[in-house]
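Engineer: Have a look at the structure that comes next, please.
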Amino acid sequence: MKVLRTPESCFEGLADYPFRPHYHEVAKGLRMHYVDEGEGPIVLLLHGEPSWSYLYRKMIPILVEAGFRTIAPDLIGFGKSDKPVRQEDYSYQSHVDWLKALISGLNLSDIHLFCQDWGGLTGLRIAAEEEALFSSIIASNTLLTRTGVYANDAFKQWRDFSQKTPHFSAGKVLQLGTVSNLSEQVIAAYDAPFPDDSFKAGARVFPKLVPFDGEDPYGAIPACDAAWKVLERWEKPFLTLFGDSDPIMRGGDLFFQAKVPGTKGQPHQTITDAGHFIQEEKGEELAQRMVVFLKHSK
């Protein structure tokens with residue numbers, strides 16, 4: 001497997017990202033970057049497509065100040081993590097396995113999971129498959145597909161765009177998925193992990209890896225169905241914090257609330273003026289709501 005590593009110089013001068021880098025080898029020759037700040041109960045923040053731990057820069061200080069050890073990995077192919085150059089080197093299962101290797105390697109337990117976008121497709125799978133390691137879940141603008149779940153038109157349009165556009169800019173994708181206008185500096189920070197197209201295989205292929213009923217070329221739906229069997233009896237606290245302006249994930253919070261027993265009686269919230277990348281626009285509010293939820297659910 002040929003792997004690229006984004007030069008550290010690409011990340012110099014990022015605004016509001018003072019975090020010391022940490023690395024763990026999740027497979028032979030494959031290094032995953034993660035932020036690891038603070039002490040106390042563990043909060044695991046999982047990002048999705050095509051962002052990286054920079055997305056959590058507004059939330060990490062609030063969680064640390066509240067007394068949580070806050071860990072935010074960069075998925076393989078993103079951020080400061082290594083980037084296999086062939087799309088064929090990425091799969092849904094490989095992303096799950098790489099994150100499991102990080103969790104195991106860091107000996108994490110009693111985890112409070114926050115997951116958005118692909119952070120849910122991976123994190124919810126892992127929480128179901130390693131149920132004893134997780135204490136609570138906060139789902140935000142995410143999903144876990146299963147038999148009977150079909151891609152909506154908004155997702156199909158995004159998937160088509162991601163495969164056909166000749167110029168794939170992570171920063172511009174972030175802008176498309178937010179309500180507010182992002183500064184040029186912020187857009188550049190999301191582009192920083194990808195100095196040229198050779199670094200973008202993981203970002204390009206990700207939308208094709210999302211399995212749906214009738215669109216599952218990689219055979220991932222059975223593993224998702226198995227995870228849902230666990231989630232449908234999940235009694236641990238499960239909170240939904242979804243944005244009101246996300247056409248792809250709209251209604252996903254209600255689906256979780258209808259299916260997961262642990263959602264009952266929780267302070268679910270629809271966050272106003274928040275698009276798909278809710279952490280970018282409402283990171284402080286998300287973190288503050290998480291702190292209240294986590295301290296109450298201990």
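Engineer: Going by the structure shown, is PRO217 in contact (Cβ under 8 Å) with a residue 60 or more places away in the chain and either of a type in the set (Lys, Arg) or within 25 Å of HIS95 (Cβ to Cβ) (or both)?
Structural biologist: Numbers: in contact (Cβ under 8 Å) with a residue 60 or more places away in the chain: no; either of a type in the set (Lys, Arg) or within 25 Å of HIS95 (Cβ to Cβ) (or both): yes.
Against the criterion (in contact (Cβ under 8 Å) with a residue 60 or more places away in the chain and either of a type in the set (Lys, Arg) or within 25 Å of HIS95 (Cβ to Cβ) (or both)), PRO217 does not qualify.
Engineer: Output yes when any residue across region 124-135 is free of Cβ contacts under 8 Å to residues at least 60 places away in the same chain, among the β-branched types (Val, Ile, Thr) and in a helix (DSSP H, G or I), and no when none is.
Structural biologist: Scanning region 124-135, I find at least one residue that is free of Cβ contacts under 8 Å to residues at least 60 places away in the same chain, among the β-branched types (Val, Ile, Thr) and in a helix (DSSP H, G or I), so the answer is yes.
Listed here are the residues, each with its yes/no results for (1) modelled with pLDDT of 95 or more; (2) open to solvent by less than 20 Å² (accessible area, probe 1.4 Å); (3) more than 19 Å from PHE199 (Cβ to Cβ); (4) among the β-branched types (Val, Ile, Thr).
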| position | (1), (2), (3), (4) |
| --- | --- |
| ASP82 | yes, yes, no, no |
| GLN87 | yes, no, no, no |
| TYR92 | yes, yes, yes, no |
| SER104 | yes, no, yes, no |
| ASN107 | yes, no, yes, no |
| ASP110 | yes, no, yes, no |
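Engineer: Then there's this: Report, ordered by the first and then the second residue, all pairs with beta carbons closer than 9 Å, sequence separation of six or more or different chains, a first member in region 137-151 that is at negative phi, and a second member that is open to solvent by less than 10 Å² (accessible area, probe 1.4 Å) and of a type in the set (Lys, Arg).
Structural biologist: LEU144/ARG125
Engineer: Moving to a separate point now. Quick one: which residue in VAL26, VAL43 is at negative phi, in contact with a His (Cβ under 8 Å, 6 or more places away or on another chain), crowded, with 19+ Cβ neighbours inside 10 Å and not aromatic (Phe, Trp, Tyr)?
Structural biologist: Going through VAL26, VAL43 in turn, the sole match is VAL43.
Engineer: If a residue must be open to solvent by 10 Å² or more (accessible area, probe 1.4 Å) and within 17 Å of LEU102 (Cβ to Cβ), how many such residues does region 46-70 contain?
Structural biologist: Result for region 46-70: 1.
Engineer: Additional query: Taking the stated definitions as given, is LEU133 at pLDDT 95 or above, crowded, with 23+ Cβ neighbours inside 10 Å and over 15 Å from GLU49 (Cβ atoms)? Write out each step before concluding.
Structural biologist: Working: at pLDDT 95 or above: yes; crowded, with 23+ Cβ neighbours inside 10 Å: no; over 15 Å from GLU49 (Cβ atoms): yes.
No: the conditions fail for LEU133.
Engineer: If you take the residues in region 194-222 that are basic (Lys, Arg) and under 22 Å from MET249 (Cβ atoms), which one is surrounded by the fewest Cβ atoms within 10 Å (Cβ to Cβ)?
Structural biologist: Here the answer is LYS208.
Engineer: Being among the small types (Gly, Ala, Ser), on the phi > 0 side of the Ramachandran plot and touching a residue at least 60 places away in the same chain (Cβ under 8 Å) is the filter here, so list the residues in region 60-117 that pass it.
Structural biologist: Start the filter on region 60-117 by keeping residues that are among the small types (Gly, Ala, Ser), which leaves 66-67, 72, 77, 79, 81, 91, 94, 101, 104-105, 109.
Next, only the ones that are on the phi > 0 side of the Ramachandran plot stay: 67, 77, 79.
Of everything in region 60-117, those that are among the small types (Gly, Ala, Ser), on the phi > 0 side of the Ramachandran plot and touching a residue at least 60 places away in the same chain (Cβ under 8 Å) turn out to be GLY77, GLY79.
Engineer: So is PHE19 open to solvent by 10 Å² or more (accessible area, probe 1.4 Å) and of a type outside the set (S, T, N, Q) or not?
Structural biologist: In short, yes.
Engineer: Something else about it: Just for region 251-282: of the residues that are among the basic types (Lys, Arg) and in contact (Cβ under 8 Å) with a residue 12 or more places away in the chain, which one is surrounded by the most Cβ atoms within 10 Å (Cβ to Cβ)?
Structural biologist: Here is the first cut: in region 251-282, the ones among the basic types (Lys, Arg) are 259, 264, 282.
If we keep only those that are in contact (Cβ under 8 Å) with a residue 12 or more places away in the chain as well, we get 259, 282.
Numbers: LYS259: 15, LYS282: 25.
Looking at the filtered set, the residue picked out is LYS282.
Engineer: Against the definition (under 21 Å from HIS33 (Cβ atoms), hydrophobic (A, V, I, L, M, F, W, C) and part of a helix (DSSP H, G or I)), how does VAL96 come out, yes or no?
Structural biologist: Taking the combined requirement at face value, the residue satisfies it.
Engineer: Of a type outside the set (Gly, Ala, Ser), under 27 Å from PRO237 (Cα atoms) and touching a strand residue (DSSP E or B) at 6+ places or on another chain (Cβ under 7 Å), is that true of GLU49?
Structural biologist: On the way: of a type outside the set (Gly, Ala, Ser): yes; under 27 Å from PRO237 (Cα atoms): yes; touching a strand residue (DSSP E or B) at 6+ places or on another chain (Cβ under 7 Å): yes.
Yes.
Engineer: Has region 276-285 got at least one residue that is closer than 30 Å to ALA132 by Cβ, within 20 Å of the chain's Cα centre (by Cα) and of a type in the set (A, V, I, L, M, F, W, C)?
Structural biologist: Yes: one or more hits.
Engineer: Out of the residues in region 161-175 that are at pLDDT 95 or above and either among the basic types (Lys, Arg) or out of contact with any helix residue (DSSP H, G or I) (no Cβ under 7 Å at 6 or more places or on another chain) (or both), which is nearest to PHE242 (Cα to Cα)?
Structural biologist: VAL173
Engineer: Restricting region 190-246 to residues that are modelled with pLDDT of 95 or more and in a strand (DSSP E or B), which is farthest from GLY171 (Cα to Cα)?
Structural biologist: PHE238
Engineer: I'm trying to understand the selection: among the residues of region 7-53, which are among the hydrophobic types (A, V, I, L, M, F, W, C) and assigned to a loop (DSSP other than H, G, I, E, B)?
Structural biologist: Across region 7-53, the qualifying residues are LEU14, ALA15, PHE19, TRP52.
The values are calculated or read from the model by the stated rules, or taken from the named source; none is laboratory data. Since the model is a prediction, treat every value here as computed from it, not as a measurement. Note: ideal-geometry Cβ built from the backbone for every residue, glycine included; neighbour counts use all protein chains shown. Only protein heavy atoms, including side chains, enter the accessible area calculation; ligands, DNA and RNA are left aside. Shrake-Rupley method; radii C 1.70, N 1.55, O 1.52, S 1.80 Å.
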